[in-house]
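All of the numbers you see were taken from the coordinates with simple rules; none came from a lab. Quantities reported herein were computed from a predicted structural model and do not represent experimental measurements. Every residue, glycine among them, receives a Cβ derived from its backbone with ideal geometry; neighbour counts consider all protein chains shown.
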Amino acid sequence: MDNLSFYRNKRILVTGGAGSIGHELVRKLLEYDPGTIRVFDNNETGLFELENELDSNKIRPLIGDIRDKDRLLMAFEGIDIVFHASALKHVPLCESNPFDAVKTNVIGTQNVLDAALSKEVEKVINVSTDKAVSPTNVMGATKLLAERLTISANYYRGTKRTVFSSVRFGNVLNSRGSVIPLFSKQIQKGGPVTITDKKMTRFFMDIPSAVELIINAGRISRGREIFILKMSAMNIIDLAYAMIDEYAPRSGFDPGDIGITVIGKRGGEKLFEELMTKEEAEHAYENDEMFIILPQKITHDDPFETKRPPSFKKANVEEFSSRKAYLLNRDEIRALIRKIQ
């Protein structure tokens, strides 16, 4: 079954739908002729702008917060599929406001899961991050808990039809608060471009690729999976140099005039990121585009591996880390930058 056949006439709700990922997800889902898309967010201005930009009678903007379970229960009435993209995602802000991160990323996610079970939603797809793998910061730790809560919900649903899965991203190029808008503003001002460490590497994907992963996961998920797109990695300093070469002339500067300053790692930051641990790799399957991590069997009568999609084979990987991944060179990074403009 293709995406159009699966999503046609479905009643869909997107939490965090006014954010960078949520906005594009709503736009793309409209192409598959759903019955309705409820866009749930506490960003009134973002909802207003999304509704006016997309101009579709299928969109229903809902102001609400995932911390409010009663509001979620109302919003989930009659819904088939939930894409849960609402989260606090900025590492430094979560470090300085840890319990707010817990209230949104952990308690808010549990509210989403409880509401989905109560209203017998067909599927819930939780949007996660590579920072949930071996976390060293509050944001990553809360997103790891959100992943675990999502997968575990499959084991206490009883006879209800709802299935729960997650998708795990690297950094999303040009999303709000990401490094590309920051570097761009610094270059426009004549520099310097600030990086935290010359050895820092990251996984990157563009917004359309991230959304495609979410939509495909929603179609093929059967519950308990973590979906990971096979994505590129790069050294942050190479990204800085590539952006200086690309953007400095547009602002009237010579690339050689824009300096780079190393400011040191922020609290909770890693030098590299992981999308899959060695332990997870033992239970991973892959096709050309993505990995699926399946949980270990909990009981002897739970042959979950037989439920994997037929196009996937056992993955031949030990881990998926930006420390060991192929790193894009500066020419490849410049080509990627041009693609997202």
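Amide H to amide H under 5 Å from Phe169: which residues, 5+ apart in sequence or cross-chain, H placed 1.01 Å off N in plane?
The answer is Ser128, Thr129, Asp130.
Determine the equivalent ellipsoid of the range 56-194 by diagonalising the alpha-carbon gyration tensor, then write out the semi-axes as square roots of 5 times the eigenvalues, largest first, rounded to whole Å.
The three semi-axes for the range 56-194 are 31, 18, 13 Å.
Output the Cα-based Rg and Dmax of the range 98-173 in Å, rounding Rg to one decimal and Dmax to a whole number.
Taking only Cα atoms of the range 98-173, I get Rg and Dmax of 12.6, 40 Å.
Report the relative contact order of the range 161-297, percent, no decimals, based on alpha-carbon pairs under 8 angstrom and at least 6 residues apart.
Worked out over the range 161-297, it gives 34 percent.
For every helix of n ≥ 4 consecutive DSSP H residues, a contribution of -39,500 (n - 2.57) applies; sum these over the chain, divide by its total residues, and give [θ] at 222 nm rounded to the nearest 500 deg cm²/dmol.
-10000 deg cm²/dmol
Please report the net charge: other residues with Cβ closer than 9 Å to the Cβ of Thr136, K and R +1, D and E -1.
Counting the neighbours of Thr136, the net charge comes to +1.
Given the C-alpha atoms of the range 152-274, compute the convex hull and give its volume per residue in Å³.
Spread over its residues, the Cα hull of the range 152-274 gives 121 Å³ apiece.
At a threshold of 8 angstrom on Cα-Cα distance, excluding pairs fewer than six apart, so keeping six or more, what relative contact order does the chain reach in percent?
Over the chain, the number comes to 15 percent.
If you average the C-alpha positions of the range 326-341 and of the range 151-219 separately, how far apart do those two centres end up, in angstrom?
17
Treating the angle as unsigned and between 0 and 90°, give the value, to the nearest 10°, between the Cα long axis of helix 207-220 and the longest Cα principal axis of the chain.
20
Note down the net charge around Glu289, summing +1 for each Lys or Arg and -1 for each Asp or Glu among other residues with Cβ under 9 Å from its Cβ.
Value of the local net charge: -2.
Given charges of +1 on the Cβ of Lys and Arg and -1 on the Cβ of Asp and Glu, with all other atoms neutral, how large is the dipole of the chain about its Cα centre, in debye to the nearest 20?
So the dipole magnitude of the chain works out to roughly 380 debye.
All other residues with a Cβ under 13 Å from the Cβ of Leu13 taken together, and with Lys, Arg as +1 and Asp, Glu as -1, what is their net charge?
+4
What area, in nm² and to one decimal, does the C-alpha convex hull of the chain cast on average over all directions?
The number I arrive at for the chain is 17.3 nm².
Taking Cα atoms, how many degrees apart are the long axis of helix 236-247 and the longest axis of the chain, rounded to 10 and kept between 0 and 90?
Long axis of 236-247 versus the principal axis of the chain: about 70 degrees.
Given the options Tyr32, Ala75, Val179, identify the residue whose Cα lies farthest towards the positive end of the charge dipole of the chain (+1 on Cβ of Lys, Arg; -1 on Cβ of Asp, Glu).
The residue sitting farthest along the positive end of the dipole is Ala75.
If packing is taken as the average count of other Cβ atoms within 10 Å, what order do 239-251, 17-29 fall into, highest mean first?
17-29, 239-251
Of the listed peptides 164-172, 114-122, what is their order by residue-averaged count of other C-beta atoms within 10 Å, with the highest listed first?
164-172, 114-122
Which whole-angstrom value gives the distance between the alpha carbon centres of the range 87-144 and the range 262-282?
Their Cα centres are 18 Å away from one another.
Treating only the Cβ of Lys, Arg, Asp and Glu as charged (+1, +1, -1, -1), what charge dipole size does the range 184-341 show about its Cα centre? Round to the nearest 20 debye.
It works out to roughly 280 debye.
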